[in-house]
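The values are calculated or read from the model by the stated rules, or taken from the named source; none is laboratory data. This is a predicted model, so every value here is computed, not measured. Don't worry about glycine lacking a Cβ; one is built from the backbone with ideal geometry, like all the others, and counts go over all protein chains shown. Just so you know, the surface numbers come from the protein's heavy atoms only, side chains and all, with ligands and any DNA or RNA stripped out. Shrake-Rupley method; radii C 1.70, N 1.55, O 1.52, S 1.80 Å.
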Amino acid sequence: MPTAPLPQFPAGFRFGVSTSAYQIEGAVDEDGRGPSIWDTFARSPGRIVDGSTGDVACAHYHRYAEDVALMARLGVGAYRFSIAWPRVRPAGGGPVNAAGLDFYDRLVDELLAHGVDPVATLFHWDLPQPLEDAGGWLNRDTAHRFAEYADATAARLGDRVRLWITLNEPFIHMSLGHGMGVHAPGRMLLFDAFPVAHHQLLAHGLAVAALRARTASPVAIANNYSPVRVLGDTEADAAAGAAYEALHNRLFTDPLLGRGYPDGPGFEPGVVRDGDLAVVAAPIDVLGVNYYNPTGIRAPDEGSPLPFEIVPLDGYPRTAFDWPVAPDGLRELLGWLHRTYGDDLPPIQITESGCAYDDAPDADGRVHDPERIAYLDGHLRAVRAAIDDGVDVTGYFVWSLLDNWEWAEGLTKRFGLVHVDYATATRTPKSSYAWYRDVIAGAAQGPST
Ligand code: PNW
C-alpha cells in the first residue's frame, strides 16, 4: 500500500472518471434506441466469454442520478461519458430521435447541477447496425453520417458539454473489431482493415468542423497508446519495433497532427482522396490519451503474416486481465509524444487509466482493492513526473467509475472505483473510491507548482 502523499498537481488540473454508453447504460430497447453492432455481436453465440450482453449492464440509463451523486461525493471535476449514436440517430443517418437526446440532456444538467463538467465522447464503438449493414467503417459514407450525428448532438448539448471527444480509440476499434474479429463487428481483415482507419479519421475531421459550428467548447480525440519495448537487439527486432510503433502509436496521430500517414506495412490505405488529409488535420484543442500498458515486441518468426511479434513483458505485477502494471510506461509514453510531435502536440488529458481486479465484497459488505490504489497512485505519480519533464498534461480520468460490461470479457472484468452487483444493480464504493476522493481533495487544496 502506498503511504507517501502524492505530489501536488498544477492548479486547475482536472481529475475525472470515465465510462461508455454500451458498457453501463442498459435500456437498449428504450425510448427509440436502435440496434448497434455491439447488440448484434454480444447476441452472437461464442463471442462474449460469459455469454452476457449490454442489455442491462449497470442500468445507468435509469440510475444516472445515483451515479452522478456518487461522482459528486467523489469530488471529481469532470465526467467522461459517451453518447450512443443509435439513441440519437437510430438508423445511423436519417431522422433524429429526440427522446434519445433527452436522456443526455438530463444527464448533462444533473452533472452541472453537481459541479461536474460533462465531457462527451461521440463514438465509443457502438455503430448503428444499419450503417454496418451498408459496409460500416469500410464505407466512406459512414464518415459523413458521423458528422451529421455530431451536428445534431451538438445542436442540443453544445452549450453545456465542456469538452467534446469525437472518437474513442480508433486503433482498438480497427484492430480488434476489424483486423482480428474479437470485438464488434467481428471482421477479420488483418491489414485490409486500413480503410477503417482512414474513414474514422475522416469522420473525426468532419465532426470537428461540425462541432466548431455549434459550440465554443474545446474538441479532442481519445487515442489508445502503448509504449513499445523492443526485446532483442537485432536489426530485425528494431524494425519490428518500428513497425508496431507506426501501427499502434502513429497511424492515427501523425495524420491528426498534420504529418500524413506514417510509412509502414500497408499503411497507405488507397482510399485517401485529395483534400482528406487537410480535413483529418483540423486543429484539436486537447489530445486524449488512453493508457493501460506497454507492449513487448520482437522480430516475427519466418512466414509470420505480421511484421512483428508481441511478447509478454516480464518483471511486472499483473492485473486480472493479465496486463502488466507499468506506470513507468505512462511517463515514457508522454515523453515520447512530447519528443515526437513537439510544438504540434496539443495539451494532453489522460482520458483513461485503470485496471481490472477480482473485487468482491467481504463479510461486512466492504470492497477492498489495494491493488487498484497502488495502480492509480503509481500512474498519477508518472503523470506528475511527466509534467516535471515538460509535458503539458492537464487532466486524468480513471477508467472507470463503475464496474461495467467489458466488451468481449462480458461482466468478468471489474475496472470500477465502485463495485456493481449486477443482479441487483447495487453500487458499493470500493476503498479506491475513498482513496481517490482524498487525493482530489488534497490536490485541490495544495499550492500550484
Ligand atoms: C479501452 N487492448 O479498451 C476502452 O476504451 C474501454 O471501453 C475499455 O473498457 C477499457 O479500455 C478497458 O479495456 C481497450 O487489448 C480494449 O489493448 C482492449 C485493449 C485496450 C483498450
Original post:
For D364, all conditions in the list (1) in a helix (DSSP H, G or I); (2) surrounded by fewer than 24 Cβ atoms within 10 Å (Cβ to Cβ) hold save one; what is the number of the exception?
Top reply: (1)
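I'd like to check something: does the range 54-61 contain any residue that is in a helix (DSSP H, G or I), within 18 Å of the chain's Cα centre (by Cα) and under 24 Å from V398 (Cβ atoms)? Step through it out loud before you land on a result.
Of the range 54-61, the ones in a helix (DSSP H, G or I) are 60-61.
Of the ones still in play, those that are also within 18 Å of the chain's Cα centre (by Cα) are none.
No, the range 54-61 has no match at all.
Taking G46 as the residue in question, decide whether it is farther than 28 Å from A203 by Cβ, away from the ligand (no atom under 16 Å from the Cβ) and surrounded by fewer than 19 Cβ atoms within 10 Å (Cβ to Cβ).
Yes: the conditions hold for G46.
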**OP:** Scan the range 65-101 for residues that are more than 21 Å from S432 (Cα to Cα) and either in contact with an Asp or Glu (Cβ under 9 Å, 6 or more places away or on another chain) or surrounded by fewer than 21 Cβ atoms within 10 Å (Cβ to Cβ) (or both) and report the count.
**Re:** 18
Original post:
Considering A207, A222, which residue is among the small types (G, A, S), more than 25 Å from W323 (Cα to Cα) and open to solvent by less than 10 Å² (accessible area, probe 1.4 Å)?
Top reply: A207
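Sort out which residues of the range 7-49 are in a helix (DSSP H, G or I) and under 19 Å from E169 (Cβ atoms), and write them in order of number.
Looking only at the range 7-49, we keep the residues that are in a helix (DSSP H, G or I), and these are 21-24, 37-42.
Hits for the range 7-49 are A21, Y22, Q23, I24, I37, W38, F41, A42.
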Subject >> Selection count, the range 123-152, where residues are within 20 Å of G288 (Cα to Cα) and part of a helix (DSSP H, G or I) >> reply: 3
**OP:** Report, by residue number, each residue of the range 300-337 that is surrounded by fewer than 16 Cβ atoms within 10 Å (Cβ to Cβ), touching a Leu at 6+ places or on another chain (Cβ under 7 Å) and over 22 Å from D233 (Cβ atoms).
**Re:** P305
Original post:
Hey, any hits in the range 266-285 for a residue that's more than 16 Å from the ligand (Cβ to nearest atom), modelled with pLDDT under 95, among the small types (G, A, S) and open to solvent by 40 Å² or more (accessible area, probe 1.4 Å)?
Top reply: yes
Original post:
Among the residues of the range 169-186, is any open to solvent by less than 20 Å² (accessible area, probe 1.4 Å) and away from the ligand (no atom under 16 Å from the Cβ)?
Top reply: no
Original post:
For the subset of the range 215-237 comprising residues that are touching a helix residue (DSSP H, G or I) at 6+ places or on another chain (Cβ under 6 Å) and in a loop (DSSP other than H, G, I, E, B), which member is nearest to the ligand (Cβ to nearest atom)?
Top reply: S226
**OP:** Could you list, in sequence order, all residues of the range 74-122 that are assigned to a helix (DSSP H, G or I) and among the aromatic types (F, W, Y)?
**Re:** W85, F103, Y104
